[in-house]
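Chemist: Dropping a structure here in structure tokens format, bear with me for questions.
Read-outs throughout are calculated quantities, based only on the coordinates presented, and are distinct from any laboratory measurement. Everything numeric in this text was worked out from a predicted model, so none of it was measured. Glycine gets a Cβ as well: all are built from the backbone with ideal geometry, and neighbour counts include every protein chain shown.
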Ligand code: 5GP
Ligand code: ZN
């Protein structure tokens, strides 16, 4: 999509430091983080939101990358949250997973 910010990032028109990058999926820090770790995991193909996904393998891969980032940022035992907004709750109409942490009772340990 021409004016979609995540499509522009996927096309390389906006520079980003990728935390993960392959042919299908990219991950980068949220520009406005709400936790010390706040990463967006994004398919490069423009899919408006979760309900529009027709490729379960892509969903599995997005979650697999999310797992890898949980390990990379060492928040597996410090509290993390994984969120997908949709149906109008989202700000950006290009599917993405939020990974946030640390949080919860173990965050300060
Ligand atoms: P949503 O409400 O769509 O689930 O969340 C969109 C997220 O994208 C927000 O947390 C916002 O801070 C983030 N965001 C918006 N524009 C950009 C951008 O240009 N770069 C990055 N890295 N994050 C962005
Ligand atoms: Zn897009």
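Chemist: Below 8 Å between Cα atoms, with a sequence gap of 6+, how large is the relative contact order for the chain in percent? Present the calculation step by step, with values, prior to reporting the outcome.
Modeler: Working: 166 pairs, mean separation 31.1, N = 109.
Rounded, it is 28 percent for the chain.
Chemist: What are the radius of gyration and Dmax of region 1-83, computed over its Cα atoms and given in Å?
Modeler: Using the Cα atoms of region 1-83, the pair Rg, Dmax is 13.0, 40 Å.
Chemist: Between region 69-86 and region 1-50, what is the separation of their alpha carbon centroids in Å?
Modeler: 16
Chemist: I would also like to ask the following. Test of understanding: ordering 100, 1 by Cβ neighbours within 10 Å, fewest first, what list do you get?
Modeler: Working: 100 19, 1 11.
Placing the least packed residue first, the sequence is 1, 100.
Chemist: Which order do 19, 50 fall in if you start with the one that has the fewest other Cβ atoms within 10 Å? Show your work: numbers first, answer last.
Modeler: Details: 19 19, 50 15.
So the residues, fewest neighbours to most, are 50, 19.
Chemist: What are the extents of the Cα atoms of region 37-109 along their three principal axes, listed from largest to smallest and rounded to whole Å?
Modeler: Cα extents, longest axis first: 40, 24, 15 Å.
Chemist: Taking the Cβ of each residue in 20, 80 as the centre, tally the other Cβ atoms inside 10 Å and list the residues starting with the fewest. Display every interim value, and only then the final one.
Modeler: Numbers: 20 16, 80 20.
Neighbour counts put them in this order, fewest first: 20, 80.
Chemist: Highest GNM mean-square fluctuation, the chain, Cα pairs closer than 10 Å: which of 40, 57, 99?
Modeler: With Cα springs under 10 Å in the chain, the top fluctuation among 40, 57, 99 is at 57.
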